[in-house]
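Here, each number is a calculation from the coordinates, and none is a lab measurement. Just so it is clear, the structure is predicted and the values come from calculations on it, not from any experiment. Heads up, the Cβs are rebuilt from the backbone with ideal geometry, glycines too, and the neighbour counts pull from every protein chain shown.
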Amino acid sequence: MPDSASKKLSLVKEIITDGKMEDALQLIKDIEQMENLNLEETLKTLAYSAKLYAGLGQYTTGLKFAEELYHRSQEMSLPFFSLDALFIKGWMIYIGLGRAEDYIKTIEQYEYLFNSLPREDSPEYLEREVVLLINKGGVNYFKGNLDLAIIDHKKSKAILKKINPNYHFNSEFLSYAPYGWMAYTYEAKGELKLALECAEKALSLTPKGEFHLKPKGDNYRIMGNIYLGTGDLQNALECQTRALNTYKKIGSRWEMGYSYGNIIAILVSQKNVDQAKNYLEEFKQFVEKYKFTEPLYQASRAVIIYQSPRRRDRGEAETILKRVIEESSDNTFLTPALIGLCHWYFEEFRVSNQIEVLDDIRPLIDQLLNIYDRTASYSLLANVKLLQAKLALLQINMVEARKLLTEAQQIAEDHDLNLLAGEISKEHDKLLEELKLWESFKKEKASVADRIKLASVDAVLERMQGRRAIEAPEIINEEPILLIIMGKEGVSYFNHSFIQNWDFDDLFSAFMSAFNTFSSEIFSKSIDRIKIDENVILIKPIEPYLICYVIKGQSYPAQKKLTRFSDSIRNNSEIWEALNKAAKTNEMLELTNPPSLGSTLNEIFIR
């Protein structure tokens, strides 16, 4: 009897691979009725039941089997089955139910259990290690640690090569999961070319059959998002349509609703309003039948109505979108609705020339910040801070705009959004170059259209809506001029000129004047650069000191060096102790005193 059960369990795997989900589930039910199942067969039957119900979209039922598998394997001290139970549970919680916080807790539980096991080189152990790395990458993605997420997925791919592909129980998932997760992560980083390559690879590795239609649809959907960001509307539409058709085959309702919304938005961008209306009617029938995603339907309806040139119709669209925002608590609906309404208000501001319109935008931005508090989307937070900076610019509040730009860039840098950080830094440099022009706008009361154009508001909103990508900038190394370490009171403890026989007295005097003006903002990290003539002074506080790097050229690559230098000083006990001594005795440090100061400076700024 046990042999017969084992053979049938092997057949279940083959049937799943062929995509015959219902047949596989029926065979599992037959196995459950068999007598004298051994422990391993019983636990495998529970695992397959959980996976099959998940594949059929019956996540609540699947979770019950996963929970039973976990408790029974724990009772029998069979940790590999316990790990499989946690993996299947986490997969259903995230993929099926969309509960990111519960997914993170489940994977942390998986990691704790895995780390309690003695290390071995068996395929069984390595498979669970790969599962851990893939899901740790997912957790790091949600926490905003995007570079760590990429590292986790690359490690998982390396270990996969060591495992016999005919062995592992989760072979189908492991084949495409690292690439799928990397596609999402690279997209979040703004590196769309790499994201597309990973999504295409994941799609090519996804096995055929109904069991894998959900991840296949997800890959089509993210490819559509990536194409939209690059401006390729036709490929974006094709991928989103394929995603919708894939989700229809398995009745994946939430995803179908998202796909309808995505398709309608793309068609509107293509000015194909008639075709968008056809999809809206189909979407309406879907909502009436399943009672799903009503807010997204109403938002899509509002977008179509807004295309009318009539003021009355646009007013109706605004009313609909406001109602969606007031009545919906789902962040996936709220975020695009809020951004869309912001965009409409900025258009109204441009046409009406009424500064009061900005008062309607601020509450929407506050709501977007509340969504960040619930979702910890650092990309959203950095972009919202950037949008706030644009609002400050439109009101000619230069100091506030600069503070917000500094804050936005720091958020992006802290969470591996390097392209976005570089873009924000570039905008900050541009603002410093245009300060006199902005001041003239204030005196001359320039038109709103001129202000919005100079502030590049549309570019930010389009990026937040996924309709514009950040172009990787050409990195041009700065021309270094001077490096200074000073105290809060303005006393210099170290200065190094990168230009021989250069008198920096005039520049230093000008800097001290600016320093006295902005000292509180500098030490609170609200302002990270000052422009004096053609020179930019980059500022990095490391309590109780200030490191200043004077350059000509792009700020962002220079800031990277300044950050490395400040971290090296703080972490090098020889330099730090020498600096503290100099502060007490009012002495000056030199390149050779302490010796490690010169080598650190050369390593970072020269070599």
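So here's what we get for this one:
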quantity: Order of Ser204, Ser425, Ser73 under a 10 Å beta carbon neighbour criterion, fewest first; calculated: Ser204, Ser73, Ser425
quantity: Largest-first principal axis extents of the Cα set of the chain (Å); calculated: 92, 69, 33
quantity: Total charge dipole magnitude, the range 358-464, about the Cα centre, Cβ charges on Lys, Arg, Asp, Glu only, Debye to nearest 20; calculated: 320 debye
quantity: Stokes-Einstein translational diffusion, the range 358-464 - Kirkwood Rh over all Cα pairs, 1.567 mPa s, 4 °C, in µm²/s; calculated: 92 µm²/s
quantity: Formal net charge of residues neighbouring Ser156 (Cβ-Cβ distance under 12 Å; K, R +1; D, E -1); calculated: +4
quantity: Helix 21-32 axis, angle to the chain major axis (alpha carbon atoms, nearest 10°); calculated: 60 degrees
quantity: Farthest toward positive dipole pole in the chain [+1 Lys/Arg, -1 Asp/Glu at C-beta], among Ala50, Asn115, Met182; calculated: Ala50
quantity: Net charge dipole size for the chain [Lys, Arg +1 and Asp, Glu -1 on Cβ; Debye, nearest 20]; calculated: 1080 debye
quantity: Cross-link pairs Lys552/Lys581; Lys64/Lys105; Lys89/Lys248; Lys20/Lys249 - those with Cα-Cα distance over 22 Å; calculated: Lys552/Lys581; Lys89/Lys248
quantity: Charge dipole of the chain about the Cα centre (unit charges at C-beta), most positive-ward option of Leu11, Ser492, Ser259; calculated: Ser259
quantity: Ranked list, fewest to most other Cβ atoms within 10 Å of each Cβ, for Ile452, Ile222; calculated: Ile452, Ile222
quantity: Proximal aspartates and glutamates to Lys8, defined as alpha-carbon separation beneath 17 angstrom and excluding residues fewer than eight positions away on the same chain; calculated: Asp18, Glu22, Asp23, Asp30, Glu32, Glu35, Glu40, Glu41
quantity: Cβ-based charge dipole, the range 2-250, positive-most Cα from Ala195, Val139, Leu78; calculated: Ala195
quantity: Nearby aspartates and glutamates by direct alpha-carbon distance to Lys426 (threshold 15 angstrom, same-chain neighbours under 8 apart not counted); calculated: Glu407, Glu413, Glu434, Glu471, Glu474, Glu478, Asp528
quantity: Neighbour-limited loop hits for GluC sites (Glu not before Pro), the range 1-83 (at most 14 other Cβ within 10 Å; DSSP other than H, G, I, E, B); calculated: Glu35
quantity: Angle in degrees between helix 213-230 and the longest Cα principal axis of the chain, rounded to the nearest 10; calculated: 20 degrees
quantity: Of Lys201/Lys291; Lys445/Lys531; Lys157/Lys208, those spanning more than 28 Å from alpha-carbon to alpha-carbon; calculated: Lys201/Lys291
quantity: Gyration tensor (alpha-carbon) shape descriptor, the range 36-150, a/c threshold 1.5; calculated: oblate
quantity: In degrees, nearest ten, helix 331-352 long axis to first principal axis of the chain (Cα); calculated: 40 degrees
